[in-house]
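Every number in this text was worked out from the coordinates using simple rules, so none of it is lab data. What you are looking at is a predicted structure, and each value in this text was computed from that prediction instead of being measured. Neighbour counts are summed over all protein chains in view; Cβ atoms, including those assigned to glycine, are modelled from backbone coordinates with ideal geometry.
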Amino acid sequence: MSHTAAHDQRTGVVPGGSVTRGMRDGVEVHKAALTCGLSTRLFPRQVLQVLAPGDGGRAAFTHGIPQTSSLSGVTFTQDLRMRRGLLGRAGVRQPRGATFSVGRSRGAAARYAATIGYPVVVKPALGDSTIDVTRGIHDRLQFEAAVDSLLTPPEKRPGSTQAAYGITELRKPGHRNGQMTVPPGYRFLVEEEVRGDYLRVLVLDGEVLDVLYCPGGPWSGRAEVVAQDRRPASLAQAVAAAVAALPGLAVLSVDVVVPESPKAAPVVVDVSERPWLEVQHRQEPERAALLAREVLRAALPGWELGLPDLGRREFHVAFDGVVAPEDFAAALNEDARAQGARTGYTVTDIARGRVAGTVQASAADVSETVEKALASGIAGQTAMKAEVEPRRGMSHAA
């Protein structure tokens with residue numbers, strides 16, 4: 001693997017679309033529920049309830065992560081120092097690395113990078129794993145640029161994501177040249193960059209669901225499926241050890257580098273509590289949908305999902321908490337018509353800001369519209385709740 005410049009993987013929005021990589025998992029699970037004829041209830045920050053008919057049960061998700069993942073398990077993956085300690089104690093092979101602060105130990109960090117030898121990787125020590133990572137750093141100049149990029153607060157970084165359940169930064173912000181920055185104590189991790197094949201492994205309830213080869217890292221825009229008979233024999237053991245070391249997580253994405261030397265063991269370079277289905281979606285949307293369906297199936301063990309309905313069908317959709325419901329309803333109808341869907345949204349309760357109606361569209365279009373309405377908004381208006389109910393036996397050909 002060769003690099004000519006540091007590779008900053010900050011791509012957040014799908015080309016031509018409105019679903020960011022941070023939203024993708026929640027959108028795909030929501031879509032999977034609707035294609036299976038299940039009703040949903042969505043709240044801000046992608047908090048989703050999926051309701052099966054009768055006594056079929058219900059399940060809850062946040063950003064597409066099932067409720068069976070615990071907060072402590074999430075913390076283990078979002079705090080990289082804690083995660084490295086747990087993995088190291090379990091004997092999981094990791095890159096050499098150390099953490100430093102942006103305000104007090106930048107010089108020490110640069111010396112450390114020179115000591116372990118370039119190329120190195122720089123990543124935040126706290127927050128969504130695999131996000132805001134700079135790989136392929138080959139010299140001091142690139143190293144300083146990577147650290148400078150982390151001075152920008154996460155919410156202002158292009159393509160950055162912050163999980164709703166993530167650890168909250170409570171320290172006072174810093175300032176540099178009149179601009180607000182992260183606190184001086186904000187920590188980052190410097191790791192050696194392991195040469196070899198970069199693999200993204202998706203794990204659900206301890207079972208490997210998917211393996212992708214991602215040259216250049218997960219957000220490079222290049223990925224291909226690794227068939228089971230092409231996976232290194234040592235990969236399963238390394239992933240199983242990482243999963244066992246981080247309890248309380250129903251879903252895990254484990255990033256592993258298989259070194260160039262055939263005698264070297266795989267190295268776990270990143271772990272996330274999120275499936276990050278955006279990686280699969282950019283290559284093959286149908287594969288992301290299939291994997292989301294498996295996540296949904298695991299969260300509803302007593303319910304038979306049945307065959308997904310991918311065509312147009314009729315849904316009843318209701319939004320609550322809209323400040324200007326008339327403008328919101330008009331924008332919804334216009335947006336749906338642009339997609340070729342039939343709609344009939346009207347204001348049903350102006351005091352509650354309630355907009356409701358029926359729409360004939362695919363589950364994909366409905367889920368993306370509803371998610372967008374609560375995340376970025378439609379016509380400058382955001383809703384505080386959305387309920388979607390598929391109408392039984394009313395599928396329409398696309």
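Numbers for the structure displayed
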{"quantity": "Contour excess over end-to-end distance, with Cα ends at Q228 and R45 and 0.36 nm allotted per residue", "calculated": "62.3 nm"}
{"quantity": "Relative frequency of Cα-Cα separations exceeding 22 Å in the stretch 106-229, percent", "calculated": "46 percent"}
{"quantity": "Sorted by Cβ density within 10 Å, fewest first, the residues T161, T346", "calculated": "T346, T161"}
{"quantity": "Net charge, R81 excluded, C-beta distance under 15 Å - Lys, Arg +1, Asp, Glu -1", "calculated": "+3"}
{"quantity": "Rough spin-label spacing in nm, given labels placed 7 Å along Cα→Cβ, for R297 and Y118", "calculated": "4.8 nm"}
{"quantity": "Length-normalised contact order for the chain - Cα pairs under 8 Å, 6+ apart - percent", "calculated": "21 percent"}
{"quantity": "20 Å-binned pair-distance histogram of the chain (Cα, whole percent)", "calculated": "27, 53, 20, 0"}
{"quantity": "Rounded to 10°, Cα long-axis angle of helix 140-149 versus longest principal axis of the chain", "calculated": "30 degrees"}
{"quantity": "Likely footprinting exposure, V323, V50, V194, fewest C-beta neighbours within 10 Å first", "calculated": "V323, V194, V50"}
{"quantity": "Order of V322, V47 - criterion: other Cβ atoms within 10 Å of each residue's Cβ, fewest first", "calculated": "V47, V322"}
{"quantity": "On Cα atoms only, tilt of 235-245 relative to the major axis of the chain in degrees", "calculated": "80 degrees"}
{"quantity": "The stretch 196-272 - Rg over Rh from alpha carbon coordinates, Kirkwood radius", "calculated": "0.93"}
{"quantity": "Degrees, to the nearest 10: 285-299 long Cα axis against longest axis of the chain", "calculated": "80 degrees"}
{"quantity": "Equivalent ellipsoid, the stretch 260-398 (semi-axes from 5 times Cα gyration tensor eigenvalues, Å)", "calculated": "35, 19, 15"}
{"quantity": "FRET E, pair R81, E207, Förster distance 22 Å, beta-carbon r, rounded to 0.05", "calculated": "0.15"}
